[in-house]
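Working notes, structure below.
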Amino acid sequence: MDKMDKPLTQNIEPDRLFATLADYERTGGYQGLRKAVKELQPKEVQQWVKDAGLRGRGGSGFPAGLKWSLVPMDDARQVRYLIANGDEMEPGTFKDRFLLEKDPHQLIEGMIIAAYAIQARTAYIFLRAEYHLAARRLEQALQEARAKGYLGERILNSDFSLDIHLHTSAGRYICGEETALINALEGKRAHPRTKPPFAVVSGLWGRPTVVNNIETLCNVPHIIRYGVEWYKGLGRGADHGTKLFGASGRVKRPGLWELPMGTPIREIFEEQAGGMQAGFSLRGLLPGGASTEFLLPEQLDVPMDYEAVAKAGSRMGTGGLIILDDKTCPVKMVLNLELFFAQESCGWCTPCRDGLPWAAALLQDIVEGRGRLEDLETLSGLTRMMGLGHTFCALALGAMEPLQSALKFFRADFERYITGAGEG
């Protein structure tokens with residue numbers, strides 16, 4: 001793939017710390033913005049993104065253009081907000097940090113175009129607290145953009161004005177849920193809100209608000225600059241564009257790569273990550289971060305797009321592969337994840353607040369030799385009690401995905417602890 005086929009990483013070079021405004025403009029940066037504000041109406045920008053088939057890259061896969069089109073646009077005086085979600089606390093996921101640290105102007109341009117599309121005059125970047133380097137580079141990039149006239153009053157001599165504010169979060173996993181993020185931005189506890197009303201109608205301070213993931217917004221300038229058909233041509237299957245796919249675990253080359261949507265897992269695992277390290281073999285993987293279900297080695301040819309991974313029994317999520325090798329205990333791996341999810345529960349609803357610590361305690365008993373066979377049935381019951389429709393938001397639902405699939409695929413490992421045979 002040449003740079004035209006890798007729009008998200010075209011400005012990222014090994015010998016460059018990060019792309020400055022001059023670097024970004026040299027490769028056509030802010031040309032998408034010029035086209036949007038000078039040639040297209042806001043509704044047309046929405047339609048372009050909708051037609052391109054850009055789906056949210058934060059895990060849900062909700063169509064970005066469709067979300068924008070749900071914002072009430074009848075009243076020109078209506079206050080609207082745009083929020084870029086850079087909380088990125090999903091274990092196994094590090095794509096947004098890469099984009100923020102290496103090419104911050106790509107996000108800024110995407111945000112300006114998205115704000116123009118919904119006629120928002122104020123936007124926020126909600127950033128994970130630990131991303132100190134990203135914060136410094138974003139602040140520098142925002143200053144450069146303001147000085148050049150890309151932000152502020154009458155952008156590029158148009159009637160559109162916008163400013164972007166960087167907000168460093170207090171750091172909670174639940175802030176990945178958009179309404180919990182909005183509550184945190186308002187200075188409240190990060191609890192999710194009842195829906196409806198949805199944020200696009202009543203979000204930040206009761207105003208229409210669009211929340212998009214960092215990677216999602218970084219796609220927008222390229223769609224506007226190069227066009228819908230070009231973007232559709234980048235994908236290999238039902239989903240369009242490119243995606244940052246990652247791999248962590250005992251692979252030879254853990255890392256991150258921009259590849260077409262629909263790239264098979266095998267290609268990411270073998271060609272990009274180099275396969276397993278010497279002395280280890282593949283036992284399974286979580287395809288989209290910690291809150292997805294295990295897939296097995298015989299499923300490596302599944303394309304990484306939303307429908308194909310769902311059909312295989314998991315979710316594409318954020319596209320970060322977490323590799324399980326044959327020398328890592330799946331029970332301990334799941335215990336580690338459930339301890340994280342139990343700690344990060346906001347405590348707003350009973351199934352999540354009490355169910356996640358219960359699941360973690362049962363797993364702890366099992367690995368420490370106090371488990372009973374009936375604990376496995378209790379764990380299975382908990383995955384159902386914290387399943388779809390039983391909790392206030394999707395945190396517990398995601399937390400149960402690795403557990404329920406581990407009970408299905410690696411039950412013998414659980415039983416060995418219980419029967420006294422020990423770790424397998």
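The values are calculated or read from the model by the stated rules, or taken from the named source; none is laboratory data. Note that the structure is a prediction, hence the values are computed from the model and not measured. Please note: Cβ atoms are built from the backbone with ideal geometry, for glycine as well, and neighbour counts cover all protein chains shown. The area values use the complete protein model at the heavy-atom level, side chains included, leaving out ligands, DNA and RNA. Shrake-Rupley method; radii C 1.70, N 1.55, O 1.52, S 1.80 Å.
Think of the chain as a dipole: +1 on every Lys or Arg Cβ, -1 on every Asp or Glu Cβ, centred on the Cα centre; then among Phe198, Gly284, Pro42, Pro42 lies furthest on the positive end. Cross-link partners of Lys195 among aspartates and glutamates, defined as those whose alpha carbon lies under 17 angstrom from its own and excluding same-chain residues fewer than eight positions apart: Glu177, Glu178.
A straight chain from Ala361 to His132 at 0.36 nm per residue would run longer than the Cα-Cα distance by 79.1 nm.
Among Ala359, Ala170, Ala342, the residue with the largest mean-square fluctuation in a Gaussian network model of the chain, with springs joining Cα atoms closer than 10 Å, is Ala170. Amide H to amide H, with H built 1.01 Å from N, Gly235 comes under 5 Å of Gly241, counting only residues 5 or more places away or on other chains. Across the chain, the relative contact order, built from alpha-carbon pairs under 8 Å that are at least six residues apart, equals 15 percent.
Apply the a/c threshold of 1.5 to the C-alpha gyration tensor of the stretch 150-297 and tell me whether it is rounded, prolate or oblate. Verdict is oblate for the stretch 150-297. What the Cβ-Cβ distance of Ser281 and Asp354 gives, at R0 = 41 Å and to the nearest 0.05, is a FRET efficiency of 0.60. The calculated FRET efficiency for the pair Thr419 and Leu300, based on their C-beta separation and a Förster distance of 30 Å, comes to about 0.40. Using only side-chain charges placed at the Cβ, +1 for Lys and Arg and -1 for Asp and Glu, the dipole size of the chain relative to its Cα centre rounds to 780 debye.
Fully extending the segment from Arg236 to Ala310, taken as 0.36 nm per residue of separation minus the present Cα-Cα distance, adds 25.0 nm. Placing unit charges on the Cβ atoms only, positive for Lys and Arg and negative for Asp and Glu, gives the stretch 236-336 a dipole magnitude near 340 debye about its Cα centre. Computed from label points 7 Å out along Cα-Cβ, the spacing between Ala147 and Leu17 is 1.5 nm.
Cα centroids of the stretch 355-424 and the stretch 190-246: how far apart, whole angstrom? Answer, in whole Å: 34.
Taking all protein chains together and a 1.4 Å probe, the residues Lys408, Lys252, Lys195 rank Lys408, Lys252, Lys195 from largest to smallest accessible area.
Of the residues Met386, Val331, Met316, the one whose Cα sits farthest toward the positive end of the charge dipole of the stretch 314-424, with +1 on the Cβ of Lys and Arg and -1 on the Cβ of Asp and Glu, is Met316. Placing +1 on the Cβ of every Lys and Arg and -1 on the Cβ of every Asp and Glu, with no other charges, gives the stretch 279-412 a dipole of roughly 120 debye about its Cα centre. At an R0 of 41 angstrom, the distance between the Cβ atoms of Arg121 and Arg384 translates into a FRET efficiency of 0.35. Think of a 1.4 Å ball rolled over the protein heavy atoms: the stretch 137-244 then has 40 Å² of accessible area per residue. How large, in percent, is the carbon and sulfur part of the accessible surface of the stretch 4-156 at a probe radius of 1.4 Å? On the stretch 4-156, the fraction of accessible area on carbon and sulfur atoms equals 49 percent. Taking Arg250, Arg16, Arg80 in turn, the Gaussian network model of the chain (Cα-Cα springs below 10 Å) assigns the largest fluctuation to Arg16. Ranking Gly86, Ile112, Leu99 by Cα position along the charge dipole of the stretch 80-141, where only Lys, Arg, Asp and Glu carry charges on their C-beta atoms, puts Ile112 farthest toward the positive end. Could you tell me the center-to-center distance, by alpha carbons, between the stretch 89-167 and the stretch 5-79 in angstrom? So the separation of the two Cα centres works out to 11 Å. Using alpha carbons only, the radius of gyration of the stretch 1-149 set against its Kirkwood radius gives Rg/Rh = 0.95. Once the Cα-Cα distance is subtracted from the 0.36 nm per residue extended length, the Arg372 to Asn157 segment shows a gain of 70.3 nm. Measuring with a 1.4 angstrom probe and ignoring ligands and nucleic acids, Ser345 comes out at about 20 Å² accessible.
Hey, quick one: spin label on Glu186, modelled 7 Å out along Cα-Cβ, who in the stretch 124-157 has an amide N within reach, i.e. under 19 Å? Under cut-off, by backbone N: 124-127.
The calculated pair-distance distribution of the chain uses every alpha carbon pair, bins of 10 angstrom beginning at 0, and gives 5, 22, 31, 25, 13, 4, 1, 0 percent. Close amide H partners of Val211, meaning residues 5 or more places away or on another chain with modelled amide H under 5 Å apart, are Ile83.
For the chain, DSSP calls about 40 percent of its internal beta bridges antiparallel. In the assembled protein chains, Arg315 presents an accessible area of approximately 80 Å² (probe radius 1.4 Å).
Within the same chain, lysines fewer than 8 places from Lys252 are excluded, and of the rest, those with a Cα less than 29 Å from its Cα are Lys3, Lys6, Lys95, Lys102, Lys243, Lys311, Lys327, Lys332, Lys408.
The ellipsoid that matches the Cα gyration tensor of the stretch 349-424 has semi-axes, each √(5λ) in whole angstrom, of 24, 12, 9, with the longest given first.
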